[in-house]
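Read the structure below first, then the notes.
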Amino acid sequence: MKAAFYEDFGEPDVLRIGELPDPELRDGGVLIDVRAASVIPGDYRLRSGELKHLFPVTFPKVPGRDGAGVVRAVANGVTSVKPGDAVCFVSVHTEQGTCAELICRPEKDVVPMPPGMSFGEGAALMHAGVCAWICLEAGKVGQGTRLLVHGGGGAIGGAALQIARHMGAQVTTTCNSRNRDHCQTLGADHVVAYDVEDFAATDERYDVVIDLIGGDVHRRSYEVLKPGGKLVYLLAKHIEDLSAQYGVETILGPIREEREIHDIVVKMAVDGVLRPQISEIMPIGKIGEAHHKLATGQVSRGRIVIDVAGADRFPEPA
Ligand SMILES: NC(=O)c1ccc[n+]([C@@H]2O[C@H](COP(=O)([O-])OP(=O)(O)OC[C@H]3O[C@@H](n4cnc5c(N)ncnc54)[C@H](OP(=O)(O)O)[C@@H]3O)[C@@H](O)[C@H]2O)c1
């Protein structure tokens, strides 16, 4: 099969395109012809070696956590999908990634593609949706929650805005001023453009802050939380836990891949609550450029999607 892969950690130029052996259909697995894969921050962090102590990998390593494609074969006992079905799926950092023509994933990591969704959208759906939903659930966000989402211009932040609006929260978000309209369209009631305004210069006090940025943004988020509020964060820039000083709860979003959560994310997409956001579609030969763009903050409004099948345009799912 054709695949993107690297044989050592390093800069984006360690990424190559070449032939690797086809994966086999494993017990309980689904063999998928991959059409599209997306690039997430964890992909370039893993490739650079930054995450090697957390996620041991074997070389050659195929990058990619998210994908979409068509089922080629299923193992005995697999019932939720069948050959010919259009599907979305996730992989994990320690196994073969999604940026290859073929992949085998356990049934729990493969879900039917929501009707009307393109393969590119399917490849952008799962990781962002799963992370956003887990963070909102960890914050117990619901009707009337006063919520601040940092990074609404990104893939997870954009998904969080859509889901939070559906949950009935009062949503404020931070983003670049270029993305003000984008975030309002996704569900933000109020937008603070971080390049021209200070999110902490307000009398507003939030029940929950979702922090996808870290560092100084995380530190200053304590100032805008109500006593007893929740600061839910994902691993980004280094954070200092000041929960005891401010009388709030600091929670690391417990990201995990579970069938139940995958089904919730797909249902939200089917119901029109969640629409995956695509920043750009690039051919597989530009995977190194995609990693570079993401690592240098040049990606906004959703995922870069890699056209793995090599078509100019993704064929729509049947
Ligand atoms: N297990 C975990 O802990 C875990 C899991 C998943 C993701 N993460 C981390 O979560 C973060 C977000 O992931 P993602 O996939 O959503 O990334 P992404 O799509 O690259 O989005 C990041 C967004 O951050 C925004 N941003 C940058 N500086 C900002 C600031 N000062 N204030 C507000 N927004 C700012 C940018 O929006 P603009 O375009 O508007 O500037 C950018 O689009 C990444 O750091 C990722 O590594 C951690």
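The values are calculated or read from the model by the stated rules, or taken from the named source; none is laboratory data. This structure is a prediction, so every number in the text was calculated from the model and none was measured. Quick reminder, even Gly has a Cβ in these numbers, built from the backbone with ideal geometry, and neighbours come from all protein chains shown.
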Exactly one of G142, G122 is surrounded by 24 or more Cβ atoms within 10 Å (Cβ to Cβ), touching a residue at least 12 places away in the same chain (Cβ under 8 Å) and not assigned by TED's automatic domain parsing to the domain that holds C88, and that residue is G122
Residue list for the range 240-282, filter: under 14 Å from the mean Cα position of the chain (by Cα), surrounded by 17 or more Cβ atoms within 10 Å (Cβ to Cβ) and within 25 Å of G215 (Cβ to Cβ) = G253, Q277, S279
Taking the residues in the range 42-62 that are under 19 Å from G285 (Cα atoms) and within 14 Å of the chain's Cα centre (by Cα) as candidates, determine which candidate is surrounded by the fewest Cβ atoms within 10 Å (Cβ to Cβ).
-> Y44
Kindly indicate the residue of the range 175-208 that is of a type in the set (S, T, Y) and under 13 Å from R301 (Cα atoms) and also farthest from the ligand (Cβ to nearest atom) among those meeting that condition.
-> T185
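Working only within the range 45-62, note down all residues that are in a loop (DSSP other than H, G, I, E, B) and either in contact with a strand residue (DSSP E or B) (Cβ under 6 Å, 6 or more places away or on another chain) or aliphatic (A, V, I, L, M) (or both). Break it down into steps so the answer makes sense when it comes.
In the first step, residues of the range 45-62 are kept if they are in a loop (DSSP other than H, G, I, E, B); the result is 49-60, 62.
The answer is L51, L54, V57, P60, V62.
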Restricting attention to the range 261-280, does a residue exist that is of a type outside the set (F, W, Y), over 19 Å from A132 (Cβ atoms) and in contact with a strand residue (DSSP E or B) (Cβ under 9 Å, 6 or more places away or on another chain)?
-> yes
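Is it the case that some residue within the range 87-95 is farther than 18 Å from E257 by Cβ and surrounded by 19 or more Cβ atoms within 10 Å (Cβ to Cβ)?
First, the residues of the range 87-95 that are farther than 18 Å from E257 by Cβ: none.
No, because not a single residue in the range 87-95 is farther than 18 Å from E257 by Cβ and surrounded by 19 or more Cβ atoms within 10 Å (Cβ to Cβ).
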List the pairs whose first member sits in the range 32-44 and is part of a strand (DSSP E or B), whose second member is within 16 Å of the ligand (Cβ to nearest atom) and basic (K, R), and whose Cβ atoms are under 7 Å apart, counting only residues at least 6 apart or on separate chains?
-> S38/R303; V39/R303
Any residue in the range 287-302 that is β-branched (V, I, T), within 15 Å of the ligand (Cβ to nearest atom) and not assigned by TED's automatic domain parsing to the domain that holds R65?
-> no
Could you look through the range 209-229, keep only residues that are within 16 Å of the ligand (Cβ to nearest atom) and surrounded by 22 or more Cβ atoms within 10 Å (Cβ to Cβ), and pick out the one that is nearest to W133 (Cα to Cα)?
-> I210
Can you tell me which residues in the range 272-318 are part of a loop (DSSP other than H, G, I, E, B) and either in contact with a Phe, Trp or Tyr (Cβ under 7 Å, 6 or more places away or on another chain) or modelled with pLDDT under 95 (or both)?
-> A309, G310, A311, D312, R313, F314, P315, E316, P317, A318
Keeping to the range 145-170, report how many residues are within 14 Å of the ligand (Cβ to nearest atom) and either within 22 Å of A269 (Cα to Cα) or surrounded by fewer than 24 Cβ atoms within 10 Å (Cβ to Cβ) (or both).
-> 14
Residue check, S279 within 12 Å of the ligand (Cβ to nearest atom) and of a type in the set (G, A, S) = yes
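Is it fair to say A269 is outside any strand (DSSP E or B), modelled with pLDDT under 95 and more than 12 Å from the ligand (Cβ to nearest atom)?
no
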